[in-house]
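Single-structure report; data block below.
Nothing in this text is a laboratory measurement; each read-out follows from the coordinates by a stated rule. No experiment lies behind these values; they were computed from the predicted model shown. Neighbour counts are summed over all protein chains in view; Cβ atoms, including those assigned to glycine, are modelled from backbone coordinates with ideal geometry.
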Amino acid sequence: MDLFDDDSSQVSRQLSWKRKDIEQRLGFNGGRYTRVNMKFTGLLAVLSSVAFYAILYVISRLLSGNDSNVARIFIHIVQMFTRSVPTLCISCPIVLLGFWTLYILAVKKRKIRFQAQALDRPIIPNDQQFILTPATAEDVMGMILKNADNPKDFL
């Protein structure tokens, strides 16, 4: 007896954590559920911080001889981050940790969206009279397996 004949159209494709998790797709060990791989996000933060300071360096070189108001504003902004060694000792960790935080939140948001897809999938019939019994448990387990390639990867 198949309890899900009318609901099976809702299951379009299996959810695959190994194929959809951004960390897994880029060759890192993905954090389970909504956990984030700190090495992955940390590497992104370091690369972004280096790029940020490289852009500041280029801006300072391009605008060094310019006396317009816009140039002075940009040079002032650059100097806020690079004025002296003590300034760099404070601003570099702040920039790094700021980027790291943004990447952690971005990856976590993506993981939460993916986990939410599992919650939107039907695993029991919409029939209000449905009762989970040993006889219907096999059909429910079948629906769970149709929804995800490895259900243990989901909440």
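Some observations on this one:
- Comparing 91, 68, 48 in a Gaussian network model of the chain where C-alpha atoms under 10 Å apart are linked, the largest mean-square fluctuation is found at 68.
- Other residues within the sphere of radius under 13 Å centred on the Cβ of residue 153, judged by their own Cβ, net out at +4 (K and R +1, D and E -1).
- Pairs beyond 20 Å (Cα-Cα), from 109/146; 20/109; 18/39: 109/146
- Helix 69-82 vs. the chain, principal-axis angle (Cα, 0 to 90°, nearest 10): 70 degrees
- Candidates 115, 128, 24: whichever shows maximal mean-square fluctuation once the chain is modelled as a Gaussian network with Cα springs under 10 Å: 128
- Only one of (i) 40, 31, 28; (ii) 81, 28, 23; (iii) 54, 35, 21 was calculated from the structure for Cα extents along the principal axes in Å, and its label is (ii).
- Note on the chain: dipole from Cβ charges, positive end direction compared against 142, 27, 90; the farthest Cα belongs to 90.
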